[in-house]
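Here's the structure we're looking at; comments come further down.
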Amino acid sequence: MKRTLILILAASFCAFAQEGGNVMYQSADPAGAIAWGSFEKGSTAPVKSAPYSGTINNESIQTLADGNRIVQTNTGMVSRDSQGRTRQDAALPAIGNLSAASAPHLVFIQDPVAGTSYTLNLTDKTAWKNPMFPGGTGGPGAAVGTFFIQTASGPPPVPPPAPPMIALTKHLATDEQLEANTESLGSQTMEGVVVNGVRTTHTIPAGQIGNDRPISIVTEVWTSTDLKTIISSKRNDPRMGEQTFRLTNIVRAEPDPSLFAVPADFKIVDGGPKTIIYRRNQ
């Protein structure tokens, strides 16, 4: 029997580390949703004259009521050139019983010079093209893309209506509206660069979501002022567990320009929802 999931990338198509967006994997079945990426949104304006490359490392740990732990990890590569163009390579994680090993490998490119963003599917050699809105103009410097995931062979099914965004997404989106306390963590050196740290504690008052006691959500973000990018972040939410992000193997040099171009043998597809294929775990 065929099944179709919906994958929503509600985040910047540039590097998670640079822009600090969240990637939401939302499913229409019990596979659920996973918050992925770093946790504090930064400026959507392109960062120029601060090129670098590095490895992004994400980990999500959720501890269940019976003491069982669900651990998910994800790694990829990120690059930014002196013109502010960015590229992120990331294989999609497992979703439910769908195999991460056979997931499509996606590459996200933002080109503020051309005003265009691309999502490259390295598996089927397609490039999904979307306009890129200027940062600070009301439209985010990134787009929200919807991908319909087909879980069986055959032609893509007619996309179903998108399910309502679940509580996880709502809570992530409205954290800044909660009571908050911010404190400086000072400066230190991480991965060879000087970073400044900030800890923010958001509090959900007792009774607001049916909770009998206040809930504290603690986020720590360490940012490089030279690179204008997040080097490390950690978010601890009792409802969802702990998510951490780390940028490692940083090289402060101009990346190869070809990283920000669509390969000549790729087919370019303009806008609209996309279909990608997962194979079931056996």
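The values are calculated or read from the model by the stated rules, or taken from the named source; none is laboratory data. If you're wondering where the values come from, they're calculated on a predicted model, not measured in any experiment. Glycine also receives a Cβ, built like all others from the backbone with ideal geometry; neighbour counts cover every protein chain displayed.
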Practice problem: Go over the candidates Gly197, Gly141 one by one and state the one that is under 22 Å from Phe245 (Cα atoms), surrounded by 13 or more Cβ atoms within 10 Å (Cβ to Cβ) and either modelled with pLDDT under 90 or of a type in the set (D, E, K, R) (or both). | Solution: Gly141
Quiz prompt | Leading residue by the ranking (surrounded by the most Cβ atoms within 10 Å (Cβ to Cβ)) among those in the stretch 66-85 that are out of contact with any Asp or Glu (no Cβ under 8 Å at 6 or more places or on another chain) and part of a loop (DSSP other than H, G, I, E, B) | solution = Gly84
Quiz item: Just wondering, is there one or more residues in the stretch 261-281 that are modelled with pLDDT of 95 or more, of a type in the set (Lys, Arg) and surrounded by 13 or more Cβ atoms within 10 Å (Cβ to Cβ)?
Solution: no
Self-check item: Cross-chain or 6+ apart pairs with Cβ under 6 Å, the stretch 68-84 first and of a type in the set (Gly, Ala, Ser), then assigned to a loop (DSSP other than H, G, I, E, B)
Solution: Ser79/Pro255; Ser82/Ser49; Ser82/Pro51; Gly84/Pro46; Gly84/Val47; Gly84/Lys48; Gly84/Pro112
